[in-house]
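J.: One structure coming up, written as structure tokens, with questions to follow.
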2 protein chains.
Amino acid sequence: MEILTAKGAGFCFGVKRAIDIAFAMAEKKQKGIYTVGPLIHNPQVIDRLREKGIAPTEEIEAAGISALIIRTHGIPLDLRERVSRAGCEIVDATCPFVTKAQHYAKLLNEEGYQVVILGDANHPEVKGLMSYAGENAIVLDATAELPELKSKVGIVVQTTQPVDALKRLIGKVAEKAKEMKVYNTICNSTALRLRETETMAGRVDVMIVVGGRNSANTTQLARLCASKPVKTYHIETADELSAQWFGGIKKVGITAGASTPDWIIDDVKKRIKDIGGEEADGT
Amino acid sequence: MEILTAKGAGFCFGVKRAIDIAFAMAEKKQKGIYTVGPLIHNPQVIDRLREKGIAPTEEIEAAGISALIIRTHGIPLDLRERVSRAGCEIVDATCPFVTKAQHYAKLLNEEGYQVVILGDANHPEVKGLMSYAGENAIVLDATAELPELKSKVGIVVQTTQPVDALKRLIGKVAEKAKEMKVYNTICNSTALRLRETETMAGRVDVMIVVGGRNSANTTQLARLCASKPVKTYHIETADELSAQWFGGIKKVGITAGASTPDWIIDDVKKRIKDIGGEEADGT
């Protein structure tokens, strides 16, 4: 059984940056470091951070907090203001691409556009974007029907959305709006990972998608693979693997979300090798 | 044989306005009135204007010109400047929707966008738009491959383009450009006429499309009908009709471009009645 691993699997730039910041702070043995919500969407990494003394909190005004790290997904403006008043050290680990999207949401609102955010309304990144986008802003997901819109519509995109969803949305908006301004804030590594995973899914007999079940981009990869269609398993750790999945399988593909650490991917690879896999060259 | 006529067939707002302006000037018996190029794309109307003493000219500096009427499609900026120096009365019959598109092309260029004009590079309206759009501007038609573009792309549309062409173009641009600003300058009457004609073409046995062979929007109607597919004839006047086209036909549909006058449409209707047609209620 041949094992293929996607080259773009695992930590993206923004996640790596946030993790590096947090672990560097942990190294200094500083006490009372907290993250504003989970730093990234991977429970195993959050556990490791906790072991190093860094835990997520919602209680940012609590006693004993010496530093607050803002999560990669960014936070809403009112929470950011609360954080800035908390009186402790503030470290912004918001992904720079998310910061840019927040900036564009604010700019579009200031320029008089009704801001439409393409994404998942329940995702923390989108909740953050909404807070910058003004009172007329709305969130639409890829399948949403278009509501009544103003004549000037500005669009920003949750950084992990697929580009096809953006194309569909702007096609619909162009029919209704007289003026439309679009910032394609989809991050390159997301687009690349989706493309690479799609190609791989078309060439293997089973796909193993590794990453947090609360990770939107990982879930999206799993959905994409399943829709090819190819038999797909979404797991968080190697412990979930079952030898039965690989009976009669010639090729297995491994991909992982932007918040999945290398050590988990390596564990998964090793475990599949133990089951009888042999590593092939890249994708 | 039943005859259906499209409600939106014939003169649009901009053409009607231009024709009203020209005939009102002719009424005053003023000598030396010329149009800068053909006022609209309908040879029969141009002939009528000529009978009234108003002819198209390219020689705008010639002696004996007392007034110049700018054509509905608009003219390029350098020609407009030449016209303004001609020292005669200047009457702007540019369709207000085209004027708006020119304004947006200029604005996008001033705001630092590379302007992409969706349309036919050889059409006078598009030549005019190009002159406002700056040196980086390009024209793309509906089927064009996307060339390399700058990261900020601004889009304006020839007013008579179909909205589907705009949707395809912006989908392609969104994949490449980081920022895209779109002015949907397609005029409503064009969109309406296309939709109405498409519905009609699906319900009749033969379509008669009436209008100038040099009229882009009429040609587009004929192409749309033929693609349904339904047997389609594009004619300029009733004289081109042939009784043979209607043998065994139960329903005939008539539509006409934005530059086709009512008297030509009425002639066509009358001639088809003579052949054996009977008028139905509207579309």
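J.: To one decimal in nm, how far is B:ASP20 from the same spot in the other copies, if labels go 7 Å from Cα toward Cβ? Please give the shortest first.
T.: Reported distances to equivalent positions: 6.7 nm.
J.: Compute, for segment A:86-207, the length of the dipole vector about the Cα centre, with Cβ point charges of +1 (Lys, Arg) and -1 (Asp, Glu) only. Units Debye, rounded to 20.
T.: That gives a dipole near 380 debye.
J.: Name the residue from B:LEU108, B:ALA22, B:GLY171 whose Cα lies farthest towards the positive end of the charge dipole of chain B, charges +1 on Cβ of Lys and Arg and -1 on Cβ of Asp and Glu.
T.: Farthest towards the positive pole: B:GLY171.
J.: Moving on to the next point. Please give the per residue volume of the convex hull enclosing the alpha carbon atoms of segment B:97-186, rounded to a whole number of Å³.
T.: 78 Å³
J.: Another question, then. Using modelled backbone amide H atoms (1.01 Å from N, in-plane), which distant-in-sequence or interchain residues come within less than 5 Å of A:ASP141's amide H?
T.: Correct list: A:GLY119.
J.: Mean residue ellipticity at 222 nm from the helices of chain A, using -39,500 (n - 2.57) per DSSP H segment of n ≥ 4 over the full residue count, to the nearest 500 deg cm²/dmol?
T.: -12000 deg cm²/dmol
J.: Just counting partner chain Cβ atoms within 10 Å, what average do the residues of peptide A:181-193 show around their Cβ?
T.: 3
J.: Quick check: pseudo-label points 7 Å beyond the Cα along Cα→Cβ at B:ASP20 and A:GLU145, how many nm apart are they?
T.: Distance between the two pseudo-spin positions: 3.9 nm.
J.: Name the shape class, rounded, prolate or oblate, that the alpha-carbon gyration tensor gives for chain A, where a ≥ b ≥ c are the square roots of its eigenvalues, rounded holds for a/c under 1.5, and otherwise prolate holds if a/b is larger than b/c and oblate otherwise.
T.: Here chain A falls in the oblate category.
J.: Same structure, new question: Filter the GluC sites (Glu not before Pro) in segment B:135-183 to those in DSSP coil with at most 13 other Cβ atoms within 10 Å of their Cβ, and list the result.
T.: B:GLU135, B:GLU145, B:GLU148
J.: Determine the gain in length on full extension of the stretch A:GLU135-A:GLU81; use 0.36 nm per residue of separation and subtract their C-alpha separation, reporting nm with one decimal.
T.: Difference between extended and current length: 17.6 nm.
J.: Here is a further query. How far is the Cα center of segment B:1-54 from the Cα center of segment B:91-169, in Å?
T.: The two parts, judged by their Cα centres, are 26 Å apart.
J.: Follow-up. Which is farthest toward the positive dipole end of segment B:1-91 among B:GLY10, B:TYR34, B:LEU79, measuring Cα position about the Cα centre, with Cβ charges +1 (Lys, Arg) and -1 (Asp, Glu)?
T.: The one lying farthest along the dipole's positive direction is B:GLY10.
J.: Which is farthest toward the positive dipole end of segment A:51-202 among A:CYS95, A:SER131, A:ALA191, measuring Cα position about the Cα centre, with Cβ charges +1 (Lys, Arg) and -1 (Asp, Glu)?
T.: A:ALA191
J.: Tell me which lysines have Cα within less than 21 Å of A:LYS250's Cα, excluding those fewer than 8 residues away on the same chain?
T.: The qualifying lysines are A:LYS7, A:LYS228, A:LYS231, A:LYS269, A:LYS270, A:LYS273.
J.: Can I ask one more? Can you check what the net charge comes to around A:ALA101, using other residues whose Cβ is under 13 Å from the Cβ of A:ALA101 (Lys, Arg +1; Asp, Glu -1)?
T.: Spelling it out: positives minus negatives among the neighbours equals +2.
J.: Report the relative contact order of chain A, percent, no decimals, based on alpha-carbon pairs under 8 angstrom and at least 6 residues apart.
T.: The value is 24 percent.
J.: For the protein assembly as shown, what is the Kirkwood hydrodynamic radius in Å, using each pair of distinct C-alpha atoms?
T.: Details: mean 1/r = 0.0358 Å⁻¹.
Computed over the protein assembly as shown, the radius equals 27.9 Å.
J.: I've got another one for you. Taking H as built 1.01 Å from N, whose amide H comes closer than 5 Å to the amide H of B:ILE90, not counting residues under 5 places away?
T.: For B:ILE90, whose amide H was placed from the backbone, the distant partners under 5 Å are B:LEU68.
J.: For segment A:187-231 and segment B:223-265, compute the distance between their C-alpha centroids and round to whole Å.
T.: So the two Cα centres are separated by 52 Å.
J.: Remind me, relative contact order of segment B:1-85 in percent, using alpha carbon pairs under 8 angstrom and six or more residues apart?
T.: Relative contact order here is 32 percent.
J.: Kindly put A:THR160, A:THR197 in sequence by how many other C-beta atoms sit within 10 Å of each C-beta, fewest to most. Show your work: numbers first, answer last.
T.: On the way: A:THR160 30, A:THR197 27.
Ordered from fewest to most neighbouring Cβ atoms within 10 Å, A:THR160, A:THR197 come out as A:THR197, A:THR160.
J.: Looking only at other chains, what is the average number of their beta-carbon atoms within 10 angstrom of each beta-carbon in B:166-177?
T.: Counting Cβ atoms of other protein chains within 10 Å of each residue's Cβ and averaging gives 5.
J.: For segment B:125-283, with only Lys/Arg (+1) and Asp/Glu (-1) charged at the beta-carbon, what is the dipole magnitude about the Cα centre, in debye rounded to 20?
T.: Around 560 debye, computed over segment B:125-283.
All of the numbers you see were taken from the coordinates with simple rules; none came from a lab. Treat the numbers as computed from the prediction; the structure is a model and nothing was measured. Cβ coordinates were reconstructed from backbone atoms using ideal geometry, including for glycine residues, and neighbour counts include every protein chain displayed.
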